[in-house]
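Written out below as structure tokens is the structure these notes cover.
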């Protein structure tokens, strides 16, 4: 688990660094623990650890992975309706491999 956490933290650092290098500000501040807990309560399940870390340490959705694509947020962040947010969250129960591939190839 510690190895995963270190990889997730490195990915969060890389996302922030990329935004800084590109001069692209993150659109939303990080989510609070309360916002994450509210969303998890609505979903009826905890968020995957990587997604939770991105929301609480990088930004609450927005242009996280590309200036051209919006990333869903938790309560108070980028949302496109609860039904779509829940559907996406359930589809992304294990997003670590997908996000790692996008950033590390």
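Restricted to the range 65-85, and to residues there that are surrounded by 14 or more Cβ atoms within 10 Å (Cβ to Cβ) and out of contact with any helix residue (DSSP H, G or I) (no Cβ under 6 Å at 6 or more places or on another chain), the residue that is modelled with the lowest pLDDT is 85.
Collect the residues in the range 17-41 that are closer than 22 Å to residue 75 by Cβ and surrounded by 14 or more Cβ atoms within 10 Å (Cβ to Cβ), keeping them in residue-number order. Don't jump to the end; show me each part of the working.
Kept after step one, since they are closer than 22 Å to residue 75 by Cβ, are these residues of the range 17-41: 25-41.
Of everything in the range 17-41, those that are closer than 22 Å to residue 75 by Cβ and surrounded by 14 or more Cβ atoms within 10 Å (Cβ to Cβ) turn out to be 26, 27, 28, 30, 31, 32, 35, 36, 37, 38, 39, 40.
Which residues, taken from the range 29-59, are in a loop (DSSP other than H, G, I, E, B) and either over 13 Å from residue 15 (Cβ atoms) or in contact (Cβ under 8 Å) with a residue 60 or more places away in the chain (or both)? Selection gives 29, 31, 32, 44, 45, 46, 47, 48.
The values are calculated or read from the model by the stated rules, or taken from the named source; none is laboratory data. These numbers come from a predicted model, not from an experiment. Because the Cβ atoms are built from the backbone with ideal geometry, glycine has one as well, and the counts that use them run over all protein chains shown.
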